[in-house]
Amino acid sequence: MKKILIYIAFFQLLFCFTSCEKEMMGYKGREGVYFAVRHNGSSTILPNLWPYQPYSDVDFVRIDGNTVDYPAIVMITGPVKDYNRTFRLEVNPDSTTAVLGQHYDTIQQEWTIPAGAISTYVTVTLHRTPDLEDNPVTLGLRLVATADFELSFPEWDAIPSLNAGQVVPTFDASLHTLKINDVMVRPAVWSGSLQAGNRESGLFGVFTRRKMEFLMENLGLSYEDFASTETMPMARQMLIAADGASALVKRFNDGNPVLEDDGRLMWMGAVPWTSYVGVPWVSTP
């Protein structure tokens with residue numbers, strides 16, 4: 001009897017869902033566009049749970065090559081349409097220190113949301129330049145309303161329950177800033193230190209950009225290899241230190257020693273010389 005009652009209740013619910021007519025409310029909000037860029041760098045959290053951000057870090061030390069077409073996603077609010085629609089993009093001078101023709105190319109102004117789509121990527125061509133090693137620049141992007149689209153969220157309020165990294169509580173989602181740099185800081189994994197008297201020690205000694213570039217050029221490494229112990233376990237560090245020292249010794253014996261910016265001999269743990277930061281090497285005839 002109990003099973004029969006359960007079946008009856010189930011079929012009553014099914015009949016209601018399939019036969020009861022309910023008027024569904026159509027979309028009445030703004031049909032617009034907004035930057036929908038998310039990031040936090042965590043591999044343990046699904047990307048669709050990462051917080052929205054009003055900026056992107058463009059780190060050339062993590063990019064192969066001297067030019068990149070950098071993407072930023074733009075999404076729509078409102079219904080999907082069966083025809084193409086356009087929006088406009090321009091530089092926001094209020095948040096731009098980058099120089100046109102030096103750090104970035106002329107930006108395409110008109111972009112399309114294809115028929116049946118809810119998003120597209122805008123791209124900006126950026127260039128690595130020597131000044132970015134010491135002086136980061138910014139490039140502000142601004143969405144512009146058209147006959148097809150308004151601006152969806154001139155004031156974006158972050159989702160309070162979202163706990164997936166750095167959250168910017170309020171910003172204008174019609175604006176996005178690219179923070180462009182080529183600054184190379186000591187990576188997460190680097191077995192080296194500075195001892196008393198400014199003497200280098202450890203497997204790699206003191207981190208310098210020149211030393212990292214030497215490893216990249218001579219051992220085929222990348223800056224990203226040193227991002228975690230998963231890609232750079234201690235066993236690999238020991239092999240790199242040995243191979244790097246061998247390459248430095250060979251250059252020295254060939255009469256073409258590798259020097260740091262202060263003129264001292266580049267140092268890694270197995271080289272036969274001692275290195276003091278700030279003390280240049282003096283060649284003996």
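The values are calculated or read from the model by the stated rules, or taken from the named source; none is laboratory data. Model, not experiment: these values are computed from the prediction. No Cβ is skipped: glycine too gets one built from the backbone with ideal geometry, and neighbour counts run over all protein chains shown. These area figures cover heavy atoms from the full protein model, side chains too; ligands, DNA and RNA do not enter into them. Shrake-Rupley method; radii C 1.70, N 1.55, O 1.52, S 1.80 Å.
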Problem - Residues (assigned to a loop (DSSP other than H, G, I, E, B), free of Cβ contacts under 8 Å to residues at least 40 places away in the same chain and either closer than 17 Å to Glu213 by Cβ or open to solvent by less than 80 Å² (accessible area, probe 1.4 Å) (or both)) located in the stretch 235-285 - result: Gly255, Asn256, Pro257, Asp262, Gly263, Arg264, Ala270, Val271, Trp273, Pro280, Ser283
Exercise for the section: Consider Asn48 carefully, then state whether it is open to solvent by 50 Å² or more (accessible area, probe 1.4 Å), modelled with pLDDT of 95 or more and over 14 Å from the mean Cα position of the chain (by Cα). Expected result: no
Handout entry: Criterion (over 30 Å from Leu215 (Cβ atoms), at pLDDT 65 or above and assigned to a strand (DSSP E or B)) met by exactly one of Tyr83, Tyr34
Key = Tyr34
Practice task
Enumerate the pairs (first residue in the stretch 46-67 and assigned to a loop (DSSP other than H, G, I, E, B); second residue anywhere and among the basic types (Lys, Arg)) with beta-carbon separation below 9 Å, excluding pairs fewer than 6 apart on the same chain, so at least 6 apart or on different chains.
Solution key: Trp50/Arg38; Pro51/Arg38; Gln53/Arg38; Ile63/Arg128; Gly65/Arg128; Asn66/Arg128
Practice task
Within the stretch 200-209, identify whether any single residue is aromatic (Phe, Trp, Tyr) and either at pLDDT below 95 or touching a Gly at 6+ places or on another chain (Cβ under 9 Å) (or both), and answer yes or no.
Solution key: yes
Practice task
Take the residues in the stretch 66-78 that are of a type outside the set (Val, Ile, Thr) and open to solvent by 40 Å² or more (accessible area, probe 1.4 Å), then tell me which one is farthest from Asp225 (Cα to Cα).
Solution key: Met75
Practice task
With the checklist (1) open to solvent by less than 30 Å² (accessible area, probe 1.4 Å); (2) in a loop (DSSP other than H, G, I, E, B); (3) closer than 28 Å to Leu46 by Cβ; (4) aliphatic (A, V, I, L, M) in hand, flag the one item Val167 doesn't pass.
Solution key: (1)
Exercise for the section: Answer yes or no as to whether Ala196 is within 29 Å of Lys250 (Cβ to Cβ), loosely packed, with under 15 Cβ neighbours inside 10 Å and among the hydrophobic types (A, V, I, L, M, F, W, C). Expected result: no
Exercise for the section: Evaluate the stretch 174-190: report whether one residue or more is surrounded by 14 or more Cβ atoms within 10 Å (Cβ to Cβ), under 28 Å from the mean Cα position of the chain (by Cα) and at pLDDT below 90. Expected result: no
